[in-house]
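Following: one structure in structure tokens, then a few remarks.
The values are calculated or read from the model by the stated rules, or taken from the named source; none is laboratory data. All figures in this text were calculated on a predicted structure; none of them were measured in a lab. Methodologically, a virtual Cβ is constructed for each residue, glycine included, from the backbone with ideal geometry; neighbour enumeration extends over all protein chains shown. To get the accessible areas, we keep the full protein, side chains included, count just its heavy atoms, and leave off ligands, DNA and RNA. Shrake-Rupley method; radii C 1.70, N 1.55, O 1.52, S 1.80 Å.
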Amino acid sequence: MDERQHTTDAGTGGGTGGGTGEGTRAVHAGRPGHEPYTPSLPGPVFAAHYHLPGEPTGPYTYGRDENPTWTLLERAIGELESPDEPAETVVFSSGMAAISSVLLGQVRTGDVVVLPTDCYQATRSLRERLESYGAEVRMAPTAGDAQERLLDGARLLWIESPSNPGLDVCDIRRLADAAHAAGALVAVDNTLATPLGQRPLDLGADFSVASGTKALTGHGDVLLGYVACRDERLAASVRYWRKTVGAIPGPMESWLAHRSLATLQLRVDRQASNAVALARALRGRPEVTDVRHPGLAEDPSHEQAARQMRRYGSVVSFTLPDQRFAERFLAALRLTSEATSFGSVQCTAERRGRWGGDAVAPGFVRFSVGVEDPEDILRDVLGALEAAAGA
């Protein structure tokens, strides 16, 4: 398997017709049919309440329950997550709101939850909350499918693949099959991959969960999350959680997210190819160790990633000699913003250890590669390494 991105299509969904490519689907997903003199994507609907004669049967009854702008976005994401059979999708005000709707909404006292030790640190922070509810939390690393040995008696298996920030990959289908055999539900955090990089529902997951703040919307200006699933009962329980806790997205954010989907394929393809170019350049640097990106043929995650992913994502991780070196490097970058998110059209990077909570070296850097010209990205990064080394 080489380092080229998988761009073949496996069907289509929604109103885009059979055999439609992924780029076309991203542009048209969730948009209403062609109507004379109407916009292709209606503007955001700002409404706290709706005119509601008679019985409150909907479809729109109250602003915390439903919104036409959410409906279009949810339809769009459902078509991307599951083209052959569009998934039931529920959008949230943030990625953590979506994560909480599954981890806290599906678990009861006495249940067992299996989490990765190396997942997003805010997800791991829910361990204390789950245990306060009387749930048991078991943890194992992503690599090597280590969570499989903890599934006995579990209610819910949470997978994050590729993991953030270490970029390890597990066999989602194998773990999902094992979890279902043990009677557990399976949720996959698909934030880093996006629906164009990986389809967890096709790999056996019950829930595909993501922070739309990252690559899905891709401009660093929207907080959003979502949960997609094929089981209508599970979707209804997630939707009810959103209603009762009030973790709803704003209509403007939802509209911006839908608008941004049109360029999703263009962005993720460019970011993924730029990420491989950067990772290969970093491997030749004496100051840099432990370069990781699933698209590198020599990466420990590549073989499994190539079996279940179609695109490998925008994130490259690597380790510099120490904290001071990493801070000099980050300060010397000119095109790259020092920021904690990833997936934006602009390159961002940070020394991940500054937050605590992740088992990384003091000089560990998570670098999110943008859509800039690759030669400019390399010039910026390699120049910053030279500056840091010579300081």
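Under a Cβ-Cβ cut-off of 10 Å, what is the net charge of the residues other than Asp231 that fall near it, where Lys and Arg count +1 and Asp and Glu count -1?
Summing Lys and Arg as +1 and Asp and Glu as -1 gives -1.
Over the range 97-191, what per residue volume does the convex hull of the Cα atoms give, in whole Å³? Don't skip to the answer; put the middle values down first.
Working: hull volume 7.4 nm³, N = 95.
Each residue corresponds to 78 Å³ of Cα convex hull volume.
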| note | Karplus ³J(HN,Hα) for the range 216-224 (6.51 cos²θ - 1.76 cosθ + 1.60, θ = phi - 60°; Hz, whole; x = Gly/Pro) runs 4, 8, x, 10, x, 10, 9, 9, 6
| query | Once Lys and Arg get +1 and Asp and Glu get -1 on their Cβ, which of Val112, Ser93, Leu72 lies farthest toward the positive end of the dipole of the range 51-189? | reply | Val112
| task | Output the antiparallel fraction of DSSP beta bridges having both residues in the chain, as a percent to the nearest 5. | result | 55
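Just tell me, in residue order, which DSSP H segments of the chain are both 27 angstrom or longer along the helix axis (alpha-carbon based) and at least -1.0 in mean Kyte-Doolittle hydropathy. Before the final figure, lay out each step's value.
Values: long enough: 264-283 (28 Å, -0.01).
Helix filter hits for the chain: 264-283.
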| For the range 142-202, what percent of Cα pairs sit more than 18 Å apart? | 29
| remark: The set of residues whose placed amide H lies less than 5 Å from the amide H of Tyr62, leaving out same-chain residues fewer than 5 positions away, is none
| remark: Low-density loop trypsin sites (Lys or Arg not before Pro), the range 314-359, at most 16 other Cβ within 10 Å, DSSP non-H/G/I/E/B, are Arg334
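How big is D for the range 247-391, in µm² s⁻¹ as a whole number, if Stokes-Einstein is applied with the Kirkwood radius of its Cα pairs at 10 °C and 1.306 mPa s? Kindly include the intermediate steps, with their values, before the conclusion.
Working: Rh = 16.0 Å.
Translational D for this selection: 99 µm²/s.
With Cβ to Cβ distances under 15 Å as the rule, what net charge do the other residues near Glu128 carry (K, R +1; D, E -1)?
On the way: positive: Arg124, Arg127, Arg129, Arg138; negative: Glu131, Glu136.
Net charge around Glu128: +2.
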| In whole Å, how far is the Cα centre of the range 108-125 from that of the range 29-96? | 31
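For the peptides 202-208, 260-266, what is the packing order when you average, over each peptide's residues, the other Cβ atoms within 10 Å and list the highest mean first?
Working: 202-208: 23.9, 260-266: 20.6.
Result, highest mean first: 202-208, 260-266.
Tell me, what % of the accessible area of the range 206-300 is carbon and sulfur with a 1.4 angstrom probe? Mind dumping the intermediate values first?
Values: 1970 of 3650 Å².
C and S atoms contribute 54 percent here.
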| Out of residues 5 or more away from Thr191 or on other chains, whose amide H comes under 5 Å of its own, with H placed 1.01 Å from N in the peptide plane? | Ser211
| query | What is the diffusion coefficient of the range 212-305 in µm²/s, taking the Kirkwood radius over Cα pairs and the Stokes-Einstein relation at 4 °C with a viscosity of 1.567 mPa s? | reply | 79
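How large is the Rg to Rh ratio of the range 83-141 when both quantities use alpha carbon positions and Rh follows Kirkwood?
Ratio of gyration radius to Kirkwood radius: 1.03.
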| Residue-count net charge about Asp65 - beta-carbon cut-off 10 Å; Lys, Arg +1, Asp, Glu -1 | +3
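If you roll a 1.4 Å probe over the heavy atoms of the protein chains, what accessible area per residue do you get for the chain, in Å²? Mind dumping the intermediate values first?
Working: 15900 Å² over 391 residues.
Spelled out: the 1.4 Å probe surface of the chain, per residue, equals 41 Å².
Any idea what the dipole of the range 255-347 comes to, in debye rounded to 20, about its Cα centre with Lys/Arg Cβ at +1 and Asp/Glu Cβ at -1?
Details: 13 positive and 9 negative charges, 75 e Å.
Dipole of the range 255-347, to the nearest 20 debye: 360 debye.
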| remark: Cα-based Rg and Dmax for the chain, in Å, come out at 20.9, 75
| field | Estimated dipole of the chain in Debye, rounded to 20 [Cβ of Lys and Arg +1, of Asp and Glu -1, Cα centre] | value | 500
